[in-house]
Amino acid sequence: MPCLYIDCFSGISGDMMVAGLLDLGLDLETLKGFLSQIPVEGYRICSKRVKRGGIRAYLFQVEVSQPQPIRKAEEIISIIQKSKLKASVKEKACGIFKVLAEAEGRVHGVPAEEVHFHEVGAVDSIVDVLSIAVGLEELQIDDIYCSPIPLGRGVVNTMHGPLPLPAPATMLLLEGCPVYGVSLEEELVTPTGAAVV
């Protein structure tokens, strides 16, 4: 089975990871078919070719069109487990959410299953994580490797108030990974991106 090497020169997020998988050959219509098997509504995915720094790339975005409930990690995992997705896709997606929930739980001092994924972020996270799991399965990728990860600085506004960058959950998820600081004042690595690598 092939492995995937991610050059994280500009960071990593769920959307960036999905865009990369689409660029590697994941079919967008196939992805939409898989996502339709999950009972989550009120969003649409947009993907298009763009140029970044003169280089051809994909842009992947989740656009939320209606109010969303706040979902606990255990609810999201239950939604995935009850779906008709392949067992291997469910396993990958649930694994990513469990790692995310454990890190967020440690940061906020609550059990992992009680972690809330807030509104738009919950839908974006569900779609990103499932898309990544589908992409890895469809492209038959077993192992992921990545370059050292750049960390921006500054502050990010969250439902819990302002948090320093890198976000605390991101730092927990990157324990043991080679990282380096850069002078950009923005979030280069999201918790979802960190959970994948």
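Rule-based calculations on the coordinates, nothing more; no lab input. Since the structure is predicted, the reported quantities are computational estimates derived from the model, not experimental observations. Glycine also receives a Cβ, built like all others from the backbone with ideal geometry; neighbour counts cover every protein chain displayed.
Some points to look at:
- Across region 169-183, computed HN-Hα scalar couplings (Karplus, 6.51 cos²θ - 1.76 cosθ + 1.60, θ = phi - 60°) run 5, 4, 4, 4, 5, 9, 3, x, 8, x, 10, 8, x, 10, 8 Hz from first to last residue, x flagging Gly and Pro.
- Taking every Cα-Cα distance in region 53-123 and sorting them into 5 Å bins from zero, the calculated P(r) comes out as 3, 15, 19, 19, 19, 12, 7, 4, 2 percent.
- Per residue Cα convex hull volume in Å³ - calculated over region 3-86: 141
- Distant alpha-carbon pairs in the chain (separation over 23 angstrom), percent: 42
- For the chain, the membrane-span-like helices by this rule, meaning whole DSSP H stretches whose C-alpha atoms cover at least 24 Å of axis and whose Kyte-Doolittle mean is 1.0 or above, are 119-138; this says nothing about an actual membrane.
- Based on C-alpha pairs under 8 angstrom that are at least 6 apart in sequence, the chain has a relative contact order of 30 percent.
- Antiparallel content of DSSP bridges confined to region 1-110, in %, to 5: 100
- DSSP-defined antiparallel bridges as percent of all bridges, region 117-197, nearest 5: 60
- Placing unit charges on the Cβ atoms only, positive for Lys and Arg and negative for Asp and Glu, gives the chain a dipole magnitude near 360 debye about its Cα centre.
- Residue with peak Gaussian network fluctuation, the chain [Cα springs, cutoff 10 Å], from Val182, Val89, Val134: Val182
- Extension gain from Cys177 to Leu28, taking 0.36 nm per residue of separation minus the Cα-Cα distance: 50.5 nm
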